[in-house]
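A.B. asks: My questions all concern the structure below.
The values are calculated or read from the model by the stated rules, or taken from the named source; none is laboratory data. If you're wondering where the values come from, they're calculated on a predicted model, not measured in any experiment. Cβ atoms come from the backbone with ideal geometry, glycine included; neighbour counts cover every protein chain shown.
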């Protein structure tokens, strides 16, 4: 699975959970969560 902001591969851990989060049904890696503000993340469509 890839991050919808930066395009990096997101690591999948036990039971198909990702090492990041889903925002509005889009995958976001943990690095982008730290770097980007909520406004940028909310723009994901």
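A.B. asks: Which residues, taken from region 1-40, are in contact with a helix residue (DSSP H, G or I) (Cβ under 9 Å, 6 or more places away or on another chain) and either in contact (Cβ under 8 Å) with a residue 40 or more places away in the chain or loosely packed, with under 10 Cβ neighbours inside 10 Å (or both)?
C.D. replies: 4
A.B. asks: Out of (1) at pLDDT 85 or above; (2) assigned to a helix (DSSP H, G or I), the odd one out for residue 21 is which?
C.D. replies: (2)
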